[in-house]
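S.K.: Pasting a structure here, questions to come.
The values are calculated or read from the model by the stated rules, or taken from the named source; none is laboratory data. This one's a predicted model, so the numbers in the text were calculated from it and none came from an experiment. In this analysis, Cβ positions are derived from the backbone assuming ideal geometry, glycine residues included, and neighbour counts consider all displayed protein chains. To get the accessible areas, we keep the full protein, side chains included, count just its heavy atoms, and leave off ligands, DNA and RNA. Shrake-Rupley method; radii C 1.70, N 1.55, O 1.52, S 1.80 Å.
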Amino acid sequence: MKLSLTSIFFLFLVGSLWAQVKFIERVEVPSEMYEPNFEMTRLDDGLVAFRTVPEKGLNSRRKLQYFKSDFDLNSTGVVEFPVKEGFDIVGFDVDQDFLFLLLQKGSSVNSDKYIFKINLETNKGLEVDANNLLDMELVEFLVLEDKALFLGISERNPVLQIFDLNLNSVQTVQGIYNPNTQVLQLRKIPELKEIELVISREVKNRRKEILLNTYDLQGNLMREIKVDNFGDSEEDIMDGLLLPMSGYQQAMIGAYGYDKRGVYLGMYIMDINEFGEYQFKKYTLEDFPNFFNYLDEKDKERRDAEVIKNLEKEKVPTIRNIYSIRDVYSTEDSYVVYFDHYNIVNSRGNTRPGVYSGSSAYRYDRLNRMGYTPYFADPFYQTTYPYSSNFQVSTEFRYVSAHFAKIAKEGNVLWDNSNTYDDFTTTYSEPFGEMAVVGDDVYHVYVENLDVVLSFFRKGEKILENQHFELELVNENERIKDTDPGSLKFVYWYDRYFLLSGNQRIRYQDESGKEQVRDVFFATKILVDGDLYQPEESLD
């Protein structure tokens, strides 16, 4: 009888855990199991997804497929266009009601390019040649007001060019092309018809200064904020995420430390007023008492004691691995920040302790792109990391922990916490964890192998850590026969909803009751709900 009761208890507990992640809506497109994924990007009323696939036959031509869907994943159906022979998508963006796709022939820096502009209301397309640009390794492609922005690397220097789609003219933005310069962020400001760049530039004695520059769409410099007096003499900004302006105030948030030594010290918030004046707030491990909550109790006590010992010696405690800003959620009076804590090791045995932070390279516009993944290797990683200028060097990212904190805009830390990654290792170079903030709740979710992994905080208290949930279908009468793990992409959408997409093989019964199998690309809307969690003690 004891065995029976234990089994019932276990099943009830597992059921309560599963209830927190619900697979509620799904859209499918017929697709071969290992065909290219659809990329997705947000629209005001849902999303648009697109890809190219080979045409049938012995030619090398491809065709473009795309579809729109609303927030309930009701699809308008797949629309197809021919693609010029030998070309494929290397960049994309959405501006107003238009989807802009950048297509390139091959992967060399001087390859022919053209822009395909699609009216998403009428499904009509227009091709615009883009061959009068500098030869560059493309890093980012954005479009604003029919001006295409090309950010890339030319002769190991960063370059930004503005291409007018109507006039077929090109403007090169001045002051960027320099071997000691690195672009950390490129951001559109649609309401002002301007763009912002965060630039890191090496100056005397290997010190770095940060420039926050605003340009109009003709490439004219409208505002420059030079950040050249950060912290103590040896302290540097290691990375940063520039937030949109709100009420004539703006902020940049990121990590700081000793760049020359590759050592991280903590987090900073730079407050910027309408006149371009700025001031810093700095936070170290002293301000984050729960930083080591990802460890077991014994190891946490040991690491906390090390922090206290350093503080008693009036030394700033250091963070052992890379501490990199990932996302910021801004409210009227506070910020919820998300950092990843990880390390980088390549196949030659080199360990990247700090200065080679994944976010010290260019930060893709992930909020709007829903997980933007370039088709070619990121040239910033190849040109920034020593010994990694060729494709034979493999790089692994060993993730240690994820860190969250709520900071009042006045400056005080309201709460902080962390969860473990259990030394999860991946070769994927872009951030993969997703954060959702809903009221007092913070969700941290990502995909590991074929599981959705969830951690949940409420008012700063860790309720759940790394709970694993298997993939499910919306239709209970169907079964997953196979999933391509390399195709899976997991992104935050809105509120408590996330999107999981990829390629699957589905087993089902036809009208005659005979088993059938279909291969599909799918996108599933997932709801996470911490209110459905029942802790183990409440089940006694």
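S.K.: Using a 1.4 Å probe on the protein heavy atoms, what percent of the accessible area of region 17-143 belongs to carbon and sulfur?
M.R.: Solvent-exposed carbon and sulfur of region 17-143 make up 47 percent of the total.
S.K.: Mind putting a number on the dipole of region 20-90 about its Cα centre? Charges go on the C-beta only, +1 for Lys and Arg and -1 for Asp and Glu, and I need it in Debye to the nearest 20.
M.R.: Charge dipole of region 20-90: 200 debye, to the nearest 20.
S.K.: For ARG26, enumerate residues with amide H under 5 Å from its amide H, sequence gap 5+ or separate chain, H modeled in the peptide plane.
M.R.: LYS525
S.K.: Taking all protein chains together and a probe of 1.4 Å, list GLU286, GLU465 from the most accessible to the least accessible.
M.R.: Ranking GLU286, GLU465 by accessible area, largest first, yields GLU286, GLU465.
S.K.: What does the helix-only formula give at 222 nm for the chain: each DSSP H stretch with n ≥ 4 adding -39500 (n - 2.57), the total divided by the residues, and the result rounded to the nearest 500 deg cm²/dmol?
M.R.: About -2500 deg cm²/dmol.
S.K.: Still on this structure, please answer the following. Gain in length, GLN516 to ASN449, computed as 0.36 nm per residue apart minus the alpha-carbon separation, to one decimal in nm?
M.R.: 21.5 nm
S.K.: First select every other residue whose beta carbon is under 11 angstrom from the beta carbon of PRO30; then total the charges, Lys and Arg +1, Asp and Glu -1.
M.R.: So the surrounding residues net to -3.
S.K.: Moving on to the next point. With a cap of 11 neighbouring Cβ atoms within 10 Å, and only residues DSSP puts in a loop, list the trypsin sites (Lys or Arg not before Pro) found in region 123-168.
M.R.: Hits after loop and neighbour filter: ARG156.
S.K.: Using 0.36 nm per residue, how much length does the chain from THR425 to SER394 gain when fully extended, once their Cα-Cα distance is taken away?
M.R.: 9.9 nm
S.K.: Can you find, among LEU500, MET245, ASN449, the residue farthest towards the positive end of the dipole of the chain? Put +1 on the C-beta of Lys and Arg, -1 on that of Asp and Glu.
M.R.: Going by the Cα projections, it comes out as ASN449.
S.K.: Of all trypsin sites (Lys or Arg not before Pro) in region 289-334, which ones are in loop regions per DSSP and have a Cβ with at most 11 other Cβ atoms within 10 Å?
M.R.: Here the trypsin sites (Lys or Arg not before Pro) that fit, given the DSSP loop and packing criteria, are LYS313, LYS315.
S.K.: Please compute the length gained on full extension between ASP232 and LYS313, using 0.36 nm multiplied by the number of residues separating them and subtracting their Cα-Cα distance.
M.R.: So the extension gain works out to 27.4 nm.
S.K.: What nm value, rounded to one decimal, do you get for the distance between ASP45 and TYR508 when each label is placed 7 Å out toward the C-beta?
M.R.: 2.6 nm
S.K.: With every protein chain in place, what's the accessible area of HIS468 (1.4 Å probe, Å², nearest 10)?
M.R.: 90 Å²
S.K.: Label region 279-331 by shape, choosing from rounded, prolate and oblate, from the square roots a ≥ b ≥ c of the eigenvalues of the Cα gyration tensor; if a/c is under 1.5 it is rounded, and otherwise prolate applies when a/b is larger than b/c, oblate when it is not.
M.R.: Oblate, because a/c is 1.5 or more while a/b does not exceed b/c.
S.K.: Separation between the ASN168 and ARG261 pseudo-spin-labels, each 7 Å from Cα along Cα→Cβ, expressed in nm?
M.R.: Label-label distance for ASN168 and ARG261, simple model: 5.8 nm.
S.K.: While we're here: Pairs of Cα atoms under 8 Å, at least six residues apart: use those to get the relative contact order of the chain, whole percent.
M.R.: In percent, rounded to a whole number, it is 13.
S.K.: Return the distance in nm (one decimal) between the two label points of a simple spin-label model at SER108 and GLU306, each offset 7 Å from Cα along Cα→Cβ.
M.R.: Between SER108 and GLU306, the label points sit 5.1 nm apart.
S.K.: Moving to a separate point now. How much net charge surrounds LEU311 when only other residues with a Cβ under 14 Å from its Cβ are counted (Lys, Arg +1; Asp, Glu -1)?
M.R.: Result for the neighbourhood of LEU311: -2.
S.K.: Starting from the Cα of LYS226, draw a straight line to each of the lysines and keep only those under 23 Å, dropping any in the same chain fewer than 8 residues away.
M.R.: Counting by Cα, and skipping residues close in sequence, LYS226 has these lysines nearby: LYS188, LYS193, LYS204, LYS208, LYS260, LYS281, LYS282, LYS409.
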